[in-house]
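A.B. asks: Just dropping this structure here.
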Amino acid sequence: MTHPASTPTILLIAGHWLGAWAWDEVLEHLAADDSPAVAMTLPGLDRDDPERAAKTLDDQAAAVRDVLTRHGVSADRPAVIVAHSGANAPVGLVLDRNPELVQRVVWVDSGPVAPGSVFAPDLPQEVADLPLPSFDVLGQQASLEGLSAEALERFRSRAVPEPGPVLRGIVELTNAARHRVPTTLVCCSIPSAQVRELARAGHPVFAEVAAIEHLDVVDLPTGHWPMWSRPGDLAEAIRSAASRTD
């Protein structure tokens, strides 16, 4: 299918333990109006890759750039990147290294990482990867609101352990141009008003939000995995963000 040259490619990237499959329902909704969207599986999250546990944040960032290139993305035709949860680390690297390739970034219950961030600095070196924890444990770390028993079963059966090098990797950011990339926050488990308040207060998890020059916020109240709990509404938020020109 061809799309007008002005229509940006939308690249969907899910967080920890997840692959392209996590976006299936959202892609169905986006396809309804021919939105040119594609989902990718980050290196390390393909269960068929025998070397997946050795993948790094650099590997993931390089893979994102490769997918963009394969879909004709360039400085003259930048993409919209949609990053959920822990996908913010590799996408942050892409924004830092190639901001000209990104027309807009959409953070889904996530946000920009700060320079020097490490997701799991205390994870022992001997831990090769981190499996999806029990839902009792996971629910203490992120909201499971809105997820059906079927969605939880699919999550459990298809989740791939997160590579240790990714979790221990330092996010090295040096290019202030990343702050000039137009940004949409889709706020699900934390309301946008609270996110803004934490950003103003300099909370380390949200401090980078305060540096964004062109910020748009969307409240989509639900749990941390809106691609399963509110896929149609999430697709509409993504579609709307992709159509913005600021």
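The values are calculated or read from the model by the stated rules, or taken from the named source; none is laboratory data. Keep in mind that what you see is a predicted model, and the values were worked out from it rather than measured. All Cβ positions, even for glycine, are placed from backbone atoms using ideal geometry, and neighbour counts span all protein chains on display. Accessible surface areas use protein heavy atoms only, side chains included; no ligands, DNA or RNA. Shrake-Rupley method; radii C 1.70, N 1.55, O 1.52, S 1.80 Å.
A.B. asks: For the range 90-246, what is the relative contact order in percent, using Cα pairs closer than 8 Å and at least 6 residues apart in sequence?
C.D. replies: Details: 223 pairs, mean separation 53.5, N = 157.
So the answer I get is 34 percent.
A.B. asks: Quick one: pull the percent of accessible area on the chain belonging to carbon and sulfur, 1.4 Å probe, ligands and nucleic acids left out. Display every interim value, and only then the final one.
C.D. replies: Details: 5580 of 11140 Å².
Carbon and sulfur: 50 percent of the exposed surface of the chain.
A.B. asks: Over the range 25-94, what is the mean sequence separation of C-alpha contacts under 8 Å (at least six apart), divided by residue count, expressed as relative contact order in percent?
C.D. replies: Dividing the mean separation by the residue count of the range 25-94 yields 26 percent.
A.B. asks: Also: Just to confirm a number: summing +1 for Lys and Arg and -1 for Asp and Glu over residues other than Asp216 whose beta-carbon lies under 11 angstrom from that of Asp216, what do you get?
C.D. replies: On the way: positive: Arg104, Arg244; negative: Asp246.
Neighbour charge sum, excluding Asp216 itself: +1.
A.B. asks: Non-local amide H neighbours of Asp129 (under 5 Å, H modeled in plane, Pro and chain starts lacking H): which ones?
C.D. replies: It is Gly164, by chain and number.
A.B. asks: Mind giving me the nanometre distance, one decimal, between the label points for Arg65 and Asp33, set 7 Å out from Cα along Cα→Cβ?
C.D. replies: According to this spin-label approximation, the distance is 3.3 nm.
A.B. asks: So what are the ³J(HN,Hα) numbers for the range 56-69, from phi and the Karplus equation (6.51, -1.76, 1.60; θ = phi - 60°), rounded to whole Hz, Gly and Pro as x?
C.D. replies: 10, 4, 4, 4, 5, 4, 4, 5, 4, 4, 4, 5, 4, 4
A.B. asks: May I ask for the net charge around Arg196, where only other residues with Cβ less than 14 Å from the Cβ of Arg196 are counted and Lys, Arg are +1 while Asp, Glu are -1?
C.D. replies: In short, -3.
A.B. asks: Can you tally the net charge around Pro50? Count Lys and Arg as +1, Asp and Glu as -1, for every other residue whose Cβ sits under 15 Å from the Cβ of Pro50.
C.D. replies: Values: positive: Arg47, Arg52, Lys55; negative: Asp46, Asp48, Asp49, Glu51, Asp59, Asp129.
Net charge around Pro50: -3.
A.B. asks: Next question. Taking amide hydrogens as modeled 1.01 Å from N in the peptide plane, which residues meet the under 5 Å criterion relative to Thr184, leaving out close sequence neighbours?
C.D. replies: Those qualifying (amide H under 5 Å, at least 5 residues apart or on another chain) are Val105, Val106, Trp107, Asp216.
A.B. asks: Please identify every one of the GluC sites (Glu not before Pro) in the range 192-246 that sits in a loop by DSSP and has no more than 12 other beta carbons within 10 Å of its own beta carbon. Kindly include the intermediate steps, with their values, before the conclusion.
C.D. replies: On the way: sites: Glu197, Glu208, Glu213, Glu236; in loops: Glu213.
Sparse-neighbourhood loop GluC sites (Glu not before Pro): Glu213.
A.B. asks: Note down the nm distance, to one decimal, between modelled labels 7 Å out along Cα→Cβ at Ala149 and at Glu100.
C.D. replies: With each label placed 7 Å out from Cα toward Cβ, I get 5.5 nm.
A.B. asks: Roughly how many debye, to the nearest 20, is the charge dipole of the range 141-246 about its Cα centre, given +1 on each Lys and Arg Cβ, -1 on each Asp and Glu Cβ, and no other charges?
C.D. replies: Working: 11 positive and 13 negative charges, 41 e Å.
Using only the charged Cβ atoms, the result is roughly 200 debye.
A.B. asks: The range 101-151: which GluC sites (Glu not before Pro) are DSSP loop and have at most 16 other beta-carbon atoms within 10 angstrom? Show your work: numbers first, answer last.
C.D. replies: Numbers: sites: Glu126, Glu145, Glu150; in loops: Glu126, Glu145.
Those that pass, being in a loop and sparsely packed, are Glu126, Glu145.
A.B. asks: Another question, then. In whole Hz, with x marking every Gly and Pro, tabulate ³J(HN,Hα) for the range 192-208 from phi via Karplus 6.51 cos²θ - 1.76 cosθ + 1.60, θ = phi - 60°.
C.D. replies: For the range 192-208, the Karplus curve yields 4, 4, 5, 4, 4, 5, 5, 5, 5, 7, x, 4, x, 6, 10, 4, 5 Hz.
A.B. asks: In what sequence, largest accessible area first, do Thr9, Thr174, Thr69 appear using a 1.4 Å probe?
C.D. replies: Details: Thr9 20, Thr174 130, Thr69 95 Å².
Output order, biggest surface exposure first: Thr174, Thr69, Thr9.
A.B. asks: Oh, and also: Based on Cα coordinates alone, diagonalise the gyration tensor for the range 114-167, multiply each eigenvalue by 5, take square roots, and list the semi-axes in whole Å, largest first.
C.D. replies: Details: eigenvalues 120, 40, 18 Å².
Whole-Å semi-axes of the equivalent ellipsoid: 24, 14, 10.
A.B. asks: Return, ordered by residue number, the residues of the range 12-47 whose backbone nitrogen is under 20 Å from a label point located 7 Å along Cα→Cβ of Ser243.
C.D. replies: 12, 26-38
A.B. asks: Hey, another quick one. Using a 1.4 angstrom probe on the protein heavy atoms only, could you order Leu132, Leu234 from most to least accessible area?
C.D. replies: Putting Leu132, Leu234 in descending order of accessible area: Leu132, Leu234.
A.B. asks: Relative contact order, percent, of the range 1-130 when contacts are C-alpha pairs under 8 Å separated by at least 6 residues?
C.D. replies: Details: 182 pairs, mean separation 34.1, N = 130.
In percent, rounded to a whole number, it is 26.
A.B. asks: While we're on this one: For the range 14-26, what does the Karplus curve 6.51 cos²θ - 1.76 cosθ + 1.60, with θ = phi - 60°, yield as ³J(HN,Hα) per residue in whole Hz, taken in order and with x for Gly and Pro?
C.D. replies: After applying 6.51 cos²θ - 1.76 cosθ + 1.60, I find 8, x, 3, 6, 10, x, 4, 4, 4, 9, 3, 5, 5 Hz.
A.B. asks: Further question on the same structure: Would you please classify the overall shape of the range 169-246 from the alpha carbon gyration tensor, given that a ≥ b ≥ c denote the square roots of the eigenvalues, rounded means a/c under 1.5, and beyond that prolate means a/b larger than b/c while oblate covers the rest?
C.D. replies: Prolate, because a/c is 1.5 or more and a/b exceeds b/c.
A.B. asks: Just Gly202, Gly15, Gly223 to compare: in a GNM of the chain, with alpha carbon springs under 10 Å, which one fluctuates most?
C.D. replies: Checking each option, the largest mean-square fluctuation is seen for Gly202.
A.B. asks: Right, next: For the chain, just say rounded, prolate or oblate: build the C-alpha gyration tensor, square-root its eigenvalues into a ≥ b ≥ c, call rounded for a/c under 1.5, and beyond that prolate if a/b exceeds b/c, oblate if not. Walk me through the numbers before you get to the answer.
C.D. replies: Numbers: a/c = 1.21, a/b = 1.16, b/c = 1.04.
Cα axes put the chain in the rounded bin.
A.B. asks: Find, among the GluC sites (Glu not before Pro) in the range 1-97, those assigned to loop by DSSP (not H, G, I, E, B) with at most 12 other beta-carbon atoms within 10 angstrom.
C.D. replies: On the way: sites: Glu25, Glu28, Glu51; in loops: Glu51.
Taking the range 1-97 and a limit of 12 other Cβ atoms within 10 Å, the loop GluC sites (Glu not before Pro) found are Glu51.
A.B. asks: Which of rounded, prolate or oblate describes the range 31-126 when judged by the alpha-carbon gyration tensor and an a/c cut-off of 1.5? Could you put the intermediate results ahead of the total?
C.D. replies: Working: a/c = 1.83, a/b = 1.47, b/c = 1.25.
Prolate, since a/c reaches 1.5 and a/b exceeds b/c.
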